[in-house]
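Structure first, then comments.
The values are calculated or read from the model by the stated rules, or taken from the named source; none is laboratory data. Keep in mind that what you see is a predicted model, and the values were worked out from it rather than measured. We place every Cβ from the backbone using ideal geometry, glycine too, and count neighbours over all the protein chains shown.
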Amino acid sequence: MLAGGVGGSRFTQGVRRAYGDADITVIGNTADDITLHGLRICPDLDTLMYTLGGGGDTERGWGRVDESWRAVEELRAYGADNTWFGLGDRDLGTHLFRTQLLAAGVPLSEVTRRLCARWWAHDPALRLLPMSDDPVETWVDVPDPEAAEGRRAVHFQEYWVRLRAEPEALAVTRVGIEEARPAPGVEEALAGAELVLVGPSNPVVSIGPILAVPGIRAALRSTSAPVLGFAGILHGAPVLGMAHRLLPAIGVEVDAGAVGRHYGSRAGGSDGVLDAWVMDTGDETSVGAVEAAGLRALVDDLVMSSPDATAAFVRRAVERVAA
Ligand code: FO1
Ligand code: CA
């Protein structure tokens, strides 16, 4: 599977519920990673790890359950920068451990394996791989009348957490993506898979960067497994998050069918990555346009109201594509 953070975690919970004994490799987005207070933070990997490990705050959707915020209060009291980012005291332990290992030269994929060994011990058939061991960061250009060119770039986390995705996103840049290589195991997992699922995560800042790591698109295009994508845009609005604020910056309409066409079909001469695209029943009117793009279009109720509900729509889609 390819997945981002909050939506990707809910989706993964459903997939695990649907296929209780399958070997599942989650290829997680690392393009919204950030270094703050000297610590390397990987929000999407951590959200997946905590949520599937039962240690996540289900209401907030990210971070640890039973969290406290004393360390960040102390940082604020010192007048430290970047205290808009909520680093919980328990969560800090994860970032300290990760940063320490990275500084010692341990690659992120190995660090992630060690972190998940704690959280996913109950489910050894579930594996989390970062899309890449190489650092990639997403920066967003926002209007700034005082800046030289009328705009300035902020880290994606600042755009989302501090600015609440309110300013118009003029452009999205992925720093480091050209030099990034797929993490060990990523291409092998795609090549050896029986089924590849592209989760309903943000097409611009979650799935987009994974596909943009040189080599991953080719691995998706050449796998013998069916590649099935799920829309995270339902009736013109994201099921979670801020995709509606970012899709215009990459010239894609905020519409499930448009996102499916953006990912594209593996058939034909383009560089698409999907065989089938699953949209919500409310987006049935997009079926024609998706099929015209060479994709098999499916519709179902895609609201991830519970792991059972998610498991049900995943199973139905897989059965239809395998049939
Ligand atoms: N999201 C917020 O809205 N506010 C925060 O202060 C915040 C802190 C945070 C800390 C660790 C972590 O793993 C995730 C955190 N998130 C926070 C979530 C994160 O910004 C987003 O879920 C994604 O990166 C966007 O998909
Ligand atoms: Ca994310």
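Take the conditions within 16 Å of ligand 1 (Cβ to nearest atom) and at pLDDT 95 or above and apply them to A165. Does it pass? Even if it seems obvious, please write down each step before you answer.
Numbers: within 16 Å of ligand 1 (Cβ to nearest atom): yes; at pLDDT 95 or above: yes.
Taking the combined requirement at face value, the residue satisfies it.
Can we say R60 is over 17 Å from L39 (Cα atoms), of a type in the set (K, R) and out of contact with any His (no Cβ under 7 Å at 6 or more places or on another chain)?
Numbers: over 17 Å from L39 (Cα atoms): yes; of a type in the set (K, R): yes; out of contact with any His (no Cβ under 7 Å at 6 or more places or on another chain): yes.
Yes; evaluated as a whole, the condition is true for this residue.
Going through V213, V205, V196 one at a time, which residue ends up being of a type outside the set (G, A, S) and either within 24 Å of T285 (Cα to Cα) or out of contact with any helix residue (DSSP H, G or I) (no Cβ under 7 Å at 6 or more places or on another chain) (or both)? Please lay out each step first, then the result.
On the way: V205 fails: either within 24 Å of T285 (Cα to Cα) or out of contact with any helix residue (DSSP H, G or I) (no Cβ under 7 Å at 6 or more places or on another chain) (or both); V196 fails: either within 24 Å of T285 (Cα to Cα) or out of contact with any helix residue (DSSP H, G or I) (no Cβ under 7 Å at 6 or more places or on another chain) (or both).
Unique residue meeting the criteria: V213.
Based on what the data block shows, is G229 in a strand (DSSP E or B), at negative phi and under 17 Å from the mean Cα position of the chain (by Cα)? Before you say what the answer is, go through the steps one by one.
Numbers: in a strand (DSSP E or B): yes; at negative phi: yes; under 17 Å from the mean Cα position of the chain (by Cα): yes.
Judged against the criteria, G229 is a match.
Mind listing whichever residues of segment 190-200 are away from ligand 2 (no atom under 13 Å from the Cβ), among the small types (G, A, S) and either surrounded by fewer than 16 Cβ atoms within 10 Å (Cβ to Cβ) or under 17 Å from the mean Cα position of the chain (by Cα) (or both)? Step through it out loud before you land on a result.
Step one: list which residues in segment 190-200 are away from ligand 2 (no atom under 13 Å from the Cβ), which gives 190-198.
So of that shortlist, the ones also among the small types (G, A, S) come out as 191-193.
Within segment 190-200, A191, G192 qualify.
List every residue pair whose Cβ atoms lie under 7 Å apart, where the two residues are 6 or more positions apart in sequence or sit on different chains, the first residue falls within segment 193-219 and is closer than 16 Å to P135 by Cα, and the second residue, located anywhere, is β-branched (V, I, T) and part of a loop (DSSP other than H, G, I, E, B).
P209/V136; P209/I177; L211/V273; A212/I177; V213/I177
Determine the pairs where a residue that is within 10 Å of P130 (Cα to Cα), located within segment 103-114, has a partner that is of a type outside the set (S, T, Y) and surrounded by fewer than 16 Cβ atoms within 10 Å (Cβ to Cβ) with Cβ atoms under 6 Å apart, the partner being 6 or more residues away or on another chain.
The qualifying pairs are S109/P184.
Out of A180, A103, A121, report the one residue that is under 22 Å from L52 (Cα atoms) and more than 16 Å from ligand 2 (Cβ to nearest atom).
Working: A180 fails: under 22 Å from L52 (Cα atoms); A103 fails: under 22 Å from L52 (Cα atoms).
Result: A121 is the single residue among A180, A103, A121 that is under 22 Å from L52 (Cα atoms) and more than 16 Å from ligand 2 (Cβ to nearest atom).
Looking at the structure I just gave you, is H235 farther than 14 Å from G4 by Cβ, within 16 Å of ligand 2 (Cβ to nearest atom) and in contact with a strand residue (DSSP E or B) (Cβ under 8 Å, 6 or more places away or on another chain)? Please lay out each step first, then the result.
Numbers: farther than 14 Å from G4 by Cβ: yes; within 16 Å of ligand 2 (Cβ to nearest atom): no; in contact with a strand residue (DSSP E or B) (Cβ under 8 Å, 6 or more places away or on another chain): yes.
No: the conditions fail for H235.
Okay, residues lined up against (1) touching a His at 6+ places or on another chain (Cβ under 6 Å); (2) assigned to a loop (DSSP other than H, G, I, E, B); (3) crowded, with 24+ Cβ neighbours inside 10 Å:
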site: V161; (1), (2), (3): no, no, no
site: E166; (1), (2), (3): no, yes, no
site: A169; (1), (2), (3): no, yes, no
site: T173; (1), (2), (3): no, no, no
site: P184; (1), (2), (3): no, yes, no
site: E187; (1), (2), (3): no, no, no
site: N202; (1), (2), (3): no, yes, yes
site: P214; (1), (2), (3): no, yes, no
site: R217; (1), (2), (3): no, no, no
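Just checking, does segment 11-27 include any residue being hydroxyl-bearing (S, T, Y), at pLDDT 95 or above and buried (at least 23 other Cβ atoms within 10 Å of the Cβ)? Lay out the reasoning, then the answer.
Initially, segment 11-27 is screened for residues hydroxyl-bearing (S, T, Y), giving 12, 19, 25.
Filter again for at pLDDT 95 or above, leaving 12, 19, 25.
Within this subset, residues satisfying the condition of being buried (at least 23 other Cβ atoms within 10 Å of the Cβ) are 12.
Scanning segment 11-27 turns up at least one residue that is hydroxyl-bearing (S, T, Y), at pLDDT 95 or above and buried (at least 23 other Cβ atoms within 10 Å of the Cβ).
What do you reckon, is W84 crowded, with 19+ Cβ neighbours inside 10 Å and within 24 Å of E67 (Cα to Cα)? Lay out the reasoning, then the answer.
Details: crowded, with 19+ Cβ neighbours inside 10 Å: no; within 24 Å of E67 (Cα to Cα): yes.
Answer is no for this residue.
What pairs come up if the first residue lies in segment 32-45 and is at positive phi, the second is within 11 Å of ligand 2 (Cβ to nearest atom) and part of a strand (DSSP E or B), and their beta carbons are under 9 Å apart, counting only those six or more places apart or on different chains?
none
Taking into account only those residues within segment 262-279 that are of a type in the set (S, T, Y) and surrounded by 20 or more Cβ atoms within 10 Å (Cβ to Cβ), which is nearest to P203 (Cα to Cα)?
Taking segment 262-279 first, the residues of a type in the set (S, T, Y) are 263, 265, 270.
Right, trim to surrounded by 20 or more Cβ atoms within 10 Å (Cβ to Cβ) and you get 263, 265.
Details: Y263: 9, S265: 15 Å.
The extreme case among them is Y263.
If we scan segment 240-248, do we find a residue that is surrounded by fewer than 16 Cβ atoms within 10 Å (Cβ to Cβ) and either part of a loop (DSSP other than H, G, I, E, B) or of a type in the set (G, A, S) (or both)?
Scanning segment 240-248 turns up no residue that is surrounded by fewer than 16 Cβ atoms within 10 Å (Cβ to Cβ) and either part of a loop (DSSP other than H, G, I, E, B) or of a type in the set (G, A, S) (or both).
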